[in-house]
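Report on the structure given below.
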Amino acid sequence: ATQSLQNSRAELPMTRSHAKQNNQTVPLVGGIAKFAYTNSVFCWMSLKNYLYSFRYSTSDRVNVRPYDPKTASVASDVIGIIHRTFPGLVVYFFGSASLGIAGLGDIDLVAAGTLSNFAIYVPGLIALFGEPVRKNRTSVEWKFERGGYDVELSLMDPASLPFRQQIRVFGALKSDEALLRKYEHMKISSHGISVREYERKKSSFCNRIMRV
């Protein structure tokens, strides 16, 4: 079964008022991030996400589709495959398909495995889903097709900042209907734009959630 999001909230990033109280500077960073708080992890992640967006295409266009309830069944099937090999590995079903809103029609899964167990999980997941498309110190990513749907599976260290931010953003969207509808509107209004522009819009929306 997928892991509940209750009691999984990440720590709040430093706010503007906190920066003011601590007499920290708020310089501009070349238009990339509007405000850069000294020693602020949030600012660093915003800049990092912006730079990371350059890996996305400017020619490929986004095709936003209505919510497809079949995605939940496919996600459950993939999670079942993982649990047959690793019954104790917690797998989160994230993304628009999990939220029940319009999106790209793909399935986003995140397996939360500690770094000390990556040496066990990575070979097992390769045996199930092939070679990963991306690796770094705290995460490994696979992309594959299942039942006619694109699946993106990430193995992430639950102690890592990107994982905790993903939990926080997803929890906020899940618990706030008005915020969720704004998020869906952002997606629908992005139909036809470049993948790079879409990823930047999505990142900007999530960053605003992280400021709260």
Cβ-Cβ distance below 9 Å, separation of 6 or more or different chains: which pairs start in region 167-192 with a residue that is of a type in the set (K, R) and end on one that is open to solvent by less than 20 Å² (accessible area, probe 1.4 Å) and not in a helix (DSSP H, G or I)? R168/A10; R181/I101; K187/V62; K187/I101; K187/A102; K187/G103
Between a residue in region 92-107 that is closer than 12 Å to Y149 by Cβ and crowded, with 20+ Cβ neighbours inside 10 Å and any residue that is modelled with pLDDT of 95 or more and of a type in the set (S, T, Y), which pairs come within a Cβ distance under 6 Å, given they are 6 or more apart or on different chains? A97/T71; G103/S96; I107/T71; I107/Y149
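Taking the stated definitions as given, is S154 in contact (Cβ under 8 Å) with a residue 40 or more places away in the chain, open to solvent by less than 40 Å² (accessible area, probe 1.4 Å) and assigned to a strand (DSSP E or B)?
For S154, the condition - in contact (Cβ under 8 Å) with a residue 40 or more places away in the chain, open to solvent by less than 40 Å² (accessible area, probe 1.4 Å) and assigned to a strand (DSSP E or B) - is met.
Here are some residues: V78, V110. Which one is in contact (Cβ under 8 Å) with a residue 60 or more places away in the chain, among the β-branched types (V, I, T) and surrounded by 16 or more Cβ atoms within 10 Å (Cβ to Cβ)? Lay out the reasoning, then the answer.
On the way: V110 fails: in contact (Cβ under 8 Å) with a residue 60 or more places away in the chain.
Selected residue: V78, the only one of V78, V110 that is in contact (Cβ under 8 Å) with a residue 60 or more places away in the chain, among the β-branched types (V, I, T) and surrounded by 16 or more Cβ atoms within 10 Å (Cβ to Cβ).
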For region 63-74, name all the residues that are closer than 28 Å to A159 by Cα and without any contact (Cβ under 8 Å) to a residue 60 or more places away in the chain. A72
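Being out of contact with any Lys or Arg (no Cβ under 8 Å at 6 or more places or on another chain) and part of a loop (DSSP other than H, G, I, E, B) is the filter; apply it to region 119-146 and report the residue that is most open to solvent (accessible area, probe 1.4 Å).
At the first step, the residues of region 119-146 found to be out of contact with any Lys or Arg (no Cβ under 8 Å at 6 or more places or on another chain) are 119-132, 134-139, 142-146.
Filter again for part of a loop (DSSP other than H, G, I, E, B), leaving 130-132, 136-138.
Working: G130: 29, E131: 130, P132: 26, N136: 89, R137: 178, T138: 28 Å².
Residue satisfying both the conditions and the ranking: R137.
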When the residues of region 158-168 are filtered to those that are crowded, with 20+ Cβ neighbours inside 10 Å and in contact with a helix residue (DSSP H, G or I) (Cβ under 8 Å, 6 or more places away or on another chain), which remaining residue is farthest from L128 (Cα to Cα)? R168
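The rows are residues; the columns are (1) in a loop (DSSP other than H, G, I, E, B); (2) of a type in the set (A, V, I, L, M).
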residue	(1), (2)
Y67	yes, no
D77	no, no
I81	no, yes
P87	yes, no
Y92	no, no
A97	no, yes
G105	yes, no
V110	no, yes
Quick check on region 187-212: of everything there that is open to solvent by 20 Å² or more (accessible area, probe 1.4 Å) and of a type in the set (A, V, I, L, M), which residue is modelled with the lowest pLDDT? V212
Give the residues of region 158-180 that are of a type in the set (D, E, K, R) and over 16 Å from F93 (Cα atoms), sorted by residue number. D176, E177
Qualifying residue in region 63-73 (condition: at pLDDT 95 or above, farther than 22 Å from H191 by Cβ and not aliphatic (A, V, I, L, M)): yes
Only unsatisfied item for L115, checking (1) free of Cβ contacts under 8 Å to residues at least 12 places away in the same chain; (2) more than 17 Å from the chain's Cα centre (by Cα), is (1)
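The values are calculated or read from the model by the stated rules, or taken from the named source; none is laboratory data. As the structure is a prediction and not an experimental result, all values here were calculated from the model. No Cβ is skipped: glycine too gets one built from the backbone with ideal geometry, and neighbour counts run over all protein chains shown. What goes into the accessible areas is simple: the full protein's heavy atoms, side chains included, and nothing from ligands, DNA or RNA. Shrake-Rupley method; radii C 1.70, N 1.55, O 1.52, S 1.80 Å.
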